[in-house]
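To start, the structure itself, in structure tokens.
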Number of protein chains: 2
Amino acid sequence: MSTEIHRSGDRDRLEALLWRAAPVSGRTGARPALGIDPIVVAAVRLADAEGLAALSMRRVAGELGVGAMTLYGHVPGRGELLALMLDAVLGELHPDERSVTSGNWRARLDAVARANRTFLLRHPWAAQVTADRPPMGPNALRKYELELRAVDGLGLSEPQMDHLVTLVDGFIRGSVGRGQAPPAGALAGFPTAARVVAATTSVREDPERSFEFGLERLLDGIGMLIVNPGR
Amino acid sequence: MSTEIHRSGDRDRLEALLWRAAPVSGRTGARPALGIDPIVVAAVRLADAEGLAALSMRRVAGELGVGAMTLYGHVPGRGELLALMLDAVLGELHPDERSVTSGNWRARLDAVARANRTFLLRHPWAAQVTADRPPMGPNALRKYELELRAVDGLGLSEPQMDHLVTLVDGFIRGSVGRGQAPPAGALAGFPTAARVVAATTSVREDPERSFEFGLERLLDGIGMLIVNPGR
DNA sequence: GCGGCTTCCGTACGCTGTACGGTCGCAGGC
DNA sequence: GCCTGCGACCGTACAGCGTACGGAAGCCGC
């Protein structure tokens, strides 16, 4: 089901599709009744609603009222479609550029973190696709650019800026979808865990609170760097 | 390929398998030539070597010199096998309990973070399995217990302790497998990204350095909490 | 009108997880 | 020692997957 990119020519084709490069355009033959964008939109809708496991080429084609193999005339394969879907939804991030470039650094990074979190909560499949490290498209690059601007002008070196953006993104990816309650019966022999579980289940430990806690700690630590950038 | 747990009875069966509960044991009939442990060991070896996508029931059975359907006499299905594999490899973590319970808090959390990182680098598939939130087995619970002890006795509340462990684990999960170089050609219109890419490609931005940077910031931020636990 | 290119897609192949039911070997009762 | 029955093993089969291949059909330039 993963279906990575294998053939090297498909990589170039994916790059061209990501940037919506116009085809060679020796205009002749039947003109297409379908384009990349409707395919990607339908696929994103399906993945949002039912998850990546339900996203089969046949299902996507069915949603479009088209034969399964028709998709392969527009997209090299499933792996490339996933990469296109990822870049498409990444375009939703930071719709207002000023929210991540105005205010002090802490407000900016706070906005970056929250935007990425709601993004991953809306499109949980995006995390799985990112894990395959698809090539960056225009929207991924735009996101990288904007998040770098959020940490620009603070007296940090360029590698520090990159690390900081990577750090915040990584924290978000790690923070979504965490925490399952252990079976309260089997806590014998785990005294500290038993104590913590007993104390937290009464307080309704929710991932939201855990995220807020982690973000606070992270921004505090980043603040110590910004005050003294000498590593 | 994901193959989650569907039937509710399988959940109970998985729980029993995780804790290696002895079967009902009305001893009669042929005694098994195969057990859960060899299956899990073979599956882990296969996943380590070729990734989760190559882990099919038929492949695992083949490695054991056994028919494919034989596995279903020991394990309810693929999803449950993944959960068993995860708990099995989690047993590798913190082999020396003192490494995460001795020294000052920073050394302890440093040890926790590095152990989890090398663990995820050795078993990249574990991150994917964790994303499905399988039930915690004995080794997952042991890991939770030990990591809680690393932040015990610091004057923190129990929810704070839980959040801290979740934060470090999440940071690790987010930090492994990050960073792909953008196609250097298409950086027009992204001045900050262009500047950073130009500065970092010459320094060979490696994920190792990014991890060290993030861990330092994270521990700094946690230190501020420990100095003043009043939230 | 026609030749050729392009798009659409039916069929097919090898793979997947797993439901079903048959076969067989071992253990307990007599 | 034999019979009975249970449990382990697993061959077959089915639905569904990604996608290679090649035919059918539509549209363009001439």
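The values are calculated or read from the model by the stated rules, or taken from the named source; none is laboratory data. This one's a predicted model, so the numbers in the text were calculated from it and none came from an experiment. All Cβ positions, glycine included, derive from the backbone under ideal geometry; neighbour counts span all protein chains shown.
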Looking only at region A:39-80, count every residue that is more than 20 Å from the chain's Cα centre (by Cα) and not hydroxyl-bearing (Ser, Thr, Tyr) and tell me the total.
19
Residue B:131 passes all but one of the listed conditions (1) modelled with pLDDT of 95 or more; (2) under 24 Å from residue A:206 (Cβ atoms); (3) among the aliphatic types (A, V, I, L, M); the exception is number (1)
Return yes or no: is residue A:55 away from DNA strand D (no atom under 11 Å from the Cβ) and within 14 Å of another protein chain (Cβ to nearest Cβ)?
no
Looking at residue A:200 and the list (1) modelled with pLDDT under 90; (2) surrounded by fewer than 18 Cβ atoms within 10 Å (Cβ to Cβ); (3) at the interface with chain B (Cβ under 8 Å from one of its Cβ atoms), which single condition is not satisfied?
(2)
All but one of (1) crowded, with 17+ Cβ neighbours inside 10 Å; (2) within 9 Å of DNA strand D (Cβ to nearest atom); (3) within 14 Å of another protein chain (Cβ to nearest Cβ) hold for residue A:71; state the number of the condition that does not hold.
(3)
Would you check if residue A:213 is surrounded by fewer than 22 Cβ atoms within 10 Å (Cβ to Cβ), at the interface with another protein chain (Cβ under 7 Å from one of its Cβ atoms), over 30 Å from residue A:10 (Cα atoms) and modelled with pLDDT of 95 or more?
yes
For residue A:94, indicate whether it is surrounded by 12 or more Cβ atoms within 10 Å (Cβ to Cβ) and on the phi > 0 side of the Ramachandran plot.
yes
Could you run through region A:102-147 and say how many residues are surrounded by 21 or more Cβ atoms within 10 Å (Cβ to Cβ) and over 28 Å from residue A:47 (Cβ atoms)?
2
May I ask you to verify whether residue B:109 is of a type outside the set (Asp, Glu), within 16 Å of DNA strand D (Cβ to nearest atom), touching a residue at least 12 places away in the same chain (Cβ under 8 Å) and within 12 Å of chain A (Cβ to nearest Cβ)?
no
What number goes with the only condition from (1) within 18 Å of the chain's Cα centre (by Cα); (2) buried (at least 21 other Cβ atoms within 10 Å of the Cβ); (3) hydrophobic (A, V, I, L, M, F, W, C) that residue B:161 does not pass?
(1)
Hey, residue B:71 touching a residue at least 40 places away in the same chain (Cβ under 8 Å), out of contact with any strand residue (DSSP E or B) (no Cβ under 9 Å at 6 or more places or on another chain) and under 18 Å from residue B:84 (Cα atoms) or not:
no
Within region A:27-50, the residues that are more than 19 Å from residue A:91 (Cα to Cα) and within 12 Å of DNA strand D (Cβ to nearest atom) are A:27, A:28, A:29, A:30, A:31, A:32, A:33, A:50
Could you check region B:94-195 for helices (runs of 4 or more DSSP H) lying wholly inside it with 2 or more residues that are closer than 20 Å to residue B:229 by Cβ?
B:105-122, B:138-150, B:158-175
The correct count of residues that are touching a residue at least 60 places away in the same chain (Cβ under 8 Å) and within 14 Å of residue B:150 (Cα to Cα) in region B:115-140 is 0
Only residues that are more than 14 Å from the chain's Cα centre (by Cα) and modelled with pLDDT under 95: list them for region B:164-186, please.
B:178, B:179, B:180, B:181, B:182, B:183, B:184, B:185, B:186
Which of the residues spanning region B:1-26 are modelled with pLDDT under 75 and away from DNA strand D (no atom under 16 Å from the Cβ)?
B:8
